[in-house]
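Input: a single structure, listed below in C-alpha cells.
The values are calculated or read from the model by the stated rules, or taken from the named source; none is laboratory data. The structure presented is a predicted model; accordingly, all values stated were derived computationally and were not measured. Areas reflect the complete protein model, heavy atoms only, side chains present, ligands, DNA and RNA absent. Shrake-Rupley method; radii C 1.70, N 1.55, O 1.52, S 1.80 Å.
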Amino acid sequence: MAKQTNKTASGTSTQHVKQQNAQASKNNFGTEFGSETNVQEVKQQNAQAQAKKNQNSGKYQG
C-alpha cells in the first residue's frame, strides 16, 4: 500500500486537523473567560445593579 501524503495512518487529513486547531485557538477566550469567572459573584453584582436601577427609576419621573 502506497503511503498517502497529508494523511495519518488512520486516514485523517493532517491539513484538516491543522485548520480545526487554528480555528479552536482563535476562540480560546471563551473557555478562559468561563474558567476565571465567579458565577455567584456575577449574579450578585447583577442583582445589585438591577436593584439600583429600580431604585433610581422612580426619582426622575415628572
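Being of a type outside the set (Lys, Arg) and either open to solvent by 100 Å² or more (accessible area, probe 1.4 Å) or modelled with pLDDT under 85 (or both) is the filter here; which residues of region 40-60 pass it?
40, 44, 48, 55, 56, 57, 58, 60
Looking at (1) at pLDDT below 75; (2) open to solvent by 100 Å² or more (accessible area, probe 1.4 Å), which is the only condition residue 27 fails?
The single condition residue 27 does not satisfy is (2).
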